[in-house]
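The values are calculated or read from the model by the stated rules, or taken from the named source; none is laboratory data. In this text the structure is predicted, and so the values were computed from the model without any measurement. Don't worry about glycine lacking a Cβ; one is built from the backbone with ideal geometry, like all the others, and counts go over all protein chains shown.
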Ligand code: HSE
């Protein structure tokens, strides 16, 4: 065992969980992300005598057991590499988030895998190295972007200023912010949805996006949910991806008519989200969105929820210090 792993030999097995989220939050393509309360992916990591990473449970029959293709295993391997650790690992995945659903599921698996591995090693990596490890994993399976990863690791609403070097800013969450998530019965691979993005955009669209992203950041600091929702007006990714998403345009119209402040695609889709500040309106919006997807021939589940402020958590049961409460995995 290397120096790094010696710190935590008492731990045989660690479980970490991480929330899903909404990438982009509308106009902030690859820049803003928020963690969403509720469903989480959970990864357990244990020492193994043989070198390399064995995926004992991929978490879903459609996910690969090949460690070179499973996002949690890729993130665990990246943590081992950065920590200079060589020991073998076994990994078990429990998926709480949908596959290719636009709810940050692969980012959540990567984050939980990275955090569990880091905890097993005695937490040698800090936040930036954990983000970089998850980014390695996401780049291999879904594209090089950090919006879902940063929100899943840190919780809350997070702005990604740059990838090189990695710099992220955690923004305040408006107290009244309620999210409605609609998940139509469709799968869309992020790599496919990213291929639909335009290589070039007009100056008018850039100006429009900058104004709206700036307004969203201002709304976070002032707690203005209506402004936050109004600013969800994306002229780059949404028009390019909407043709891949049956029912989305009608669901958006229905949600706005039911009183949502703003609606867009969650991450790369197919899920959609709406911003509201009133519980009754939230349920009316959820009903309206589901009806629109059903009318388009797609079954749809909805959730009324809020921003998750915890981010990644290490499961207390498997943590090496039994008296310690659940703790964030990053230093
Ligand atoms: N920012 C990413 C995208 C989120 O829109 O492609 C998807 O994971």
Being more than 14 Å from the ligand (Cβ to nearest atom), more than 26 Å from residue 251 (Cα to Cα) and either modelled with pLDDT of 95 or more or touching a strand residue (DSSP E or B) at 6+ places or on another chain (Cβ under 7 Å) (or both) narrows 211, 176, 155 down to just 155
Scanning the stretch 120-136 residue by residue, those part of a helix (DSSP H, G or I), away from the ligand (no atom under 16 Å from the Cβ) and surrounded by fewer than 24 Cβ atoms within 10 Å (Cβ to Cβ) turn out to be 127, 128, 129, 132
Of the candidates 193, 237, the one satisfying the condition of being in contact with a helix residue (DSSP H, G or I) (Cβ under 6 Å, 6 or more places away or on another chain) and surrounded by 21 or more Cβ atoms within 10 Å (Cβ to Cβ) is 193
Of the residues in the stretch 175-220, those that are part of a loop (DSSP other than H, G, I, E, B), farther than 22 Å from residue 107 by Cα and without any contact (Cβ under 8 Å) to a residue 60 or more places away in the chain number 6
Checked 240, 219, 226 against criteria (more than 23 Å from residue 42 (Cα to Cα), within 12 Å of the ligand (Cβ to nearest atom) and modelled with pLDDT of 95 or more); the one match is 240
Being outside the structural domain of residue 239 (by TED's automatic domain parsing), in a helix (DSSP H, G or I) and free of Cβ contacts under 8 Å to residues at least 60 places away in the same chain is the requirement here; does residue 139 meet it?
yes
Could you tell me whether the stretch 241-263 includes any residue that is under 21 Å from residue 205 (Cβ atoms), assigned by TED's automatic domain parsing to the domain that holds residue 182, free of Cβ contacts under 8 Å to residues at least 60 places away in the same chain and assigned to a strand (DSSP E or B)?
yes
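To keep it simple, each residue is scored yes or no on (1) within 18 Å of the chain's Cα centre (by Cα); (2) in a helix (DSSP H, G or I); (3) within 16 Å of the ligand (Cβ to nearest atom); (4) more than 15 Å from residue 149 (Cβ to Cβ).
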{"position": "18", "(1), (2), (3), (4)": "yes, no, yes, no"}
{"position": "41", "(1), (2), (3), (4)": "yes, no, yes, no"}
{"position": "45", "(1), (2), (3), (4)": "no, no, no, yes"}
{"position": "55", "(1), (2), (3), (4)": "no, no, no, yes"}
{"position": "62", "(1), (2), (3), (4)": "no, no, no, yes"}
{"position": "65", "(1), (2), (3), (4)": "no, no, no, yes"}
{"position": "93", "(1), (2), (3), (4)": "yes, no, no, yes"}
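Residues checked against (1) surrounded by fewer than 24 Cβ atoms within 10 Å (Cβ to Cβ); (2) within 16 Å of residue 25 (Cα to Cα); (3) under 20 Å from the mean Cα position of the chain (by Cα); (4) within 13 Å of the ligand (Cβ to nearest atom):
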residue	(1), (2), (3), (4)
244	yes, no, no, yes
249	yes, no, no, no
260	no, yes, no, no
268	no, yes, yes, yes
271	no, yes, yes, yes
279	yes, no, no, no
Answer yes if at least one residue in the stretch 1-12 is surrounded by 19 or more Cβ atoms within 10 Å (Cβ to Cβ), more than 16 Å from the ligand (Cβ to nearest atom), more than 21 Å from the chain's Cα centre (by Cα) and at pLDDT 95 or above, and no otherwise.
no
So, first residue more than 22 Å from residue 239 (Cβ to Cβ) in the stretch 14-32, second residue within 14 Å of the ligand (Cβ to nearest atom) and assigned to a loop (DSSP other than H, G, I, E, B), Cβ within less than 8 Å, six or more apart or across chains; the pairs are 19/104; 20/97; 20/103; 20/104; 21/103; 21/104; 21/267
